[in-house]
Every structure is written in structure tokens, then in C-alpha cells.
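A.B. asks: Structure below; questions to follow.
The values are calculated or read from the model by the stated rules, or taken from the named source; none is laboratory data. Keep in mind that what you see is a predicted model, and the values were worked out from it rather than measured. Methodologically, a virtual Cβ is constructed for each residue, glycine included, from the backbone with ideal geometry; neighbour enumeration extends over all protein chains shown. Accessible surface is based on the protein model in full, side chains and every heavy atom, while ligands, DNA and RNA are left aside. Shrake-Rupley method; radii C 1.70, N 1.55, O 1.52, S 1.80 Å.
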Amino acid sequence: MKKIVFICLCASLLVFTGCKQHKGQKEVIKTIKVDSAITYGEKKTVSFPGKVKAASEVNLAFRISGPITKINVTEGQFVRKGQVIAEMDSRDYAVQLSATEAEYKQIKAEAERIIQLHERQSVSENDYDKAVSGLQQITAKYDAHKNALSDTKLKAPFDGYIQKRYFDSNETISAGMPVFSMISAGTPEVEIYIPAGEFIQRDQFDSYSCYFELYPNRTFPLELIAINRKANLNQLYTVRLRFNKEPDSPLPSPGMSTMVTIQYKPENATMVSIPLNAVFEINNSPTVWVYDSTQQRVNARAIRISEIMTDGTLTVSEGLRAGEKVVSAGVHHLSDGEKVELLPQTTETNVGGLL
């Protein structure tokens, strides 16, 4: 009996000691180092000097010859579309129109009489054809002389600014000789020149912006208008860009110099790059530990490797998204769903990330 009691006491003591030791054990949380998956093929950018130009810049000229009688604007003045900016002596053209108008009325009346008789079959087809042809000719002449008189007034083709004046009043000019240079008041453009190497990659252009020293804290977004398909004498291709006008935001003026940046599309937007030592195998399948910051745990995830790079990284085509964090050290000592803590980042007071 005493022997049985002794055995029971020993067993109880062992159980108590074992429970005490189990309760005293502390859960070990492993520290891990993580790296973010980054987009493979960072956006390439190139920059070229450019010049701001007016959306439209034209030379304005009379369509007829004669002496200028009035100059109604000055250089730098803003003008509205249709505003008369210069006038030519109209006396000769008014006399010409008056004579043609009288001739027109006479021939028109005669032609109308013959047309009415033709409807009654009272004149021959030949007389009818001559009357109709004569009316058409005099009508064209009459319209041309009306236009000539109207052309003695030079009008602005759009809203804009008078850039330069080439002639003064009382000077006689020929048809087509520029009297003014004018720029439009619309949204200005930027013009740059790119080499053939960039031209052949134009389909990869993604976005455009420009920078001015006068506006050090601003970047102006641009949109593409056109790229000239023929190179100039310097083997450069002209690129025209337009400002994306923002409400209540002043734009640079024509003539200003700028630096234009062209941003390329990412070469492989769906691929990401991660450190090579973040990858291990499970059942012969490439795998990484993905860190869940909310749960502070790691989970195994299979990936597809696209290419192993010479800089110690590899590209992943499937299984990871840019921005996700993967374990990059100690990958062979973790288990799926295990709780972990991050290695503190290196700072000035924590050299080497040891604290």
C-alpha cells in the first residue's frame, strides 16, 4: 500500500513539474527582412529643349493692289475676329463695281425676258443658251467686283495680337504683300526636335510635360498634336505639343524657351522584380513568402519566374503585384501562416538595423 501511494505521489509531481515547465516556455517570434516587389521596366524619360509658339501665326495681306489709306491698329494690340485693321483706297474699285452693276442689271433683265419666251417656245434654243450663258458671265464678273471692293478692308481672321507691321499709310502695295504679322490668342503650343532614335520609338511615348525657369515650382502638362514624319536638314523630327490649359492658370507666352520631358510607357507593366534570395521551392514550384502587415504573418505563394537578372534580382510574370512585400532573408526557416516581426529599418541611431 505504501508503495502504491509513493508511486502516485511521484507521478503527480512529474505532471506538476511538466505543466510548470510548459507554462514557463515563451513563444518565439522570428524576425524577418522584407523587400517590396517593384514594377519591372521603370519609366524611361528623355528631355529636349523647346520653344513656345502661338497656335496660329500668319501674315496678313490685301488680296488686291493699291495705296493704303488707314492703319487702324498698332503692334502688340489685341484684335477681335472680323475687326478691320487696315483699309485701302476703294475709289477705283467702287467705280468698277458701279459700272459692272449697271451692265449686270441690263443683261439680267434681257436674259429673264428671253427665258420667259423660251418657256412659251417663242425663241430658239440657240437664243436661249446665249442668254443663260451671258447672265452667268456677268453674274460672275459682278460678284468678283463686289469682292474686290470688300477686299479693300483687311480684317483679322481670328482673335489675337498684332505682332508686327510692315507698311504705313499712303504706301502703295501689291496684292499678297504682307502688311501685318499676327498671332492667335488661343492656347499656345510647344515645338521640339527629336533625333531618329527617339522617332522610331514614338509609339512608346506615354506622356509629355515641360518646365520653365521662370516658373520653378510648376510643371506644365502637354498633349501631343503631331510628329512630323520627315526629318529636317539636321536629321531631326519636329514634334508639336499643346498645353493642357488649367482653369485660372496663366500660360507661358510665345517665344519663351522651355525644357520638354517625354515619358515612355513601362516596358513590362505587368511584371515585377524581387530579390533572387526571396525565392525557394515547394514541390519543385518557385515560391515566396508574402508578408501580411495586417496579420503580421507570412503566407507561401507560388510564382512564375520570367527571367533571372545579373544584378541579383529576378522578374516575376505571375503571382505577385507591385507593392507586395516578400521575405528576402531566412526563407528556409519559416512555415505557412507563421507570425513574424519585421527587422527594424536602418537609421542614424540604429546602424545596421540591430535595434
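A.B. asks: Out of the residues in the stretch 318-355 that are of a type in the set (S, T, Y) and modelled with pLDDT of 85 or more, which is nearest to D35 (Cα to Cα)?
C.D. replies: Here the answer is S328.
A.B. asks: Any residue at all in the stretch 123-131 that's open to solvent by 40 Å² or more (accessible area, probe 1.4 Å) and under 30 Å from L60 (Cβ atoms)?
C.D. replies: no
A.B. asks: Which one of these does M259 not meet: (1) part of a strand (DSSP E or B); (2) farther than 30 Å from K53 by Cα; (3) at pLDDT 90 or above?
C.D. replies: (2)
A.B. asks: Ok, one more. Tell me, please, whether a residue that is open to solvent by less than 80 Å² (accessible area, probe 1.4 Å), part of a loop (DSSP other than H, G, I, E, B) and either at pLDDT 90 or above or more than 30 Å from E191 (Cα to Cα) (or both) can be found in the stretch 20-36.
C.D. replies: Within the stretch 20-36, one or more residues are open to solvent by less than 80 Å² (accessible area, probe 1.4 Å), part of a loop (DSSP other than H, G, I, E, B) and either at pLDDT 90 or above or more than 30 Å from E191 (Cα to Cα) (or both).
A.B. asks: Could you please let me know if Y142 is in contact (Cβ under 8 Å) with a residue 24 or more places away in the chain and in contact with a helix residue (DSSP H, G or I) (Cβ under 6 Å, 6 or more places away or on another chain)?
C.D. replies: yes
A.B. asks: Still on this structure, please answer the following. Those residues that are touching a Pro at 6+ places or on another chain (Cβ under 9 Å) and surrounded by fewer than 14 Cβ atoms within 10 Å (Cβ to Cβ), I need them from the stretch 60-92; list them, please.
C.D. replies: Result: K81, G82.
A.B. asks: Filter the stretch 145-188 for residues that are in contact with a helix residue (DSSP H, G or I) (Cβ under 9 Å, 6 or more places away or on another chain) and of a type outside the set (S, T, Y) and give the result.
C.D. replies: H145, K146, A148, L149, D151
A.B. asks: Condition test on Y237, is it under 15 Å from V260 (Cβ atoms), within 17 Å of the chain's Cα centre (by Cα) and either aliphatic (A, V, I, L, M) or surrounded by 15 or more Cβ atoms within 10 Å (Cβ to Cβ) (or both)?
C.D. replies: Against the criterion (under 15 Å from V260 (Cβ atoms), within 17 Å of the chain's Cα centre (by Cα) and either aliphatic (A, V, I, L, M) or surrounded by 15 or more Cβ atoms within 10 Å (Cβ to Cβ) (or both)), Y237 does not qualify.
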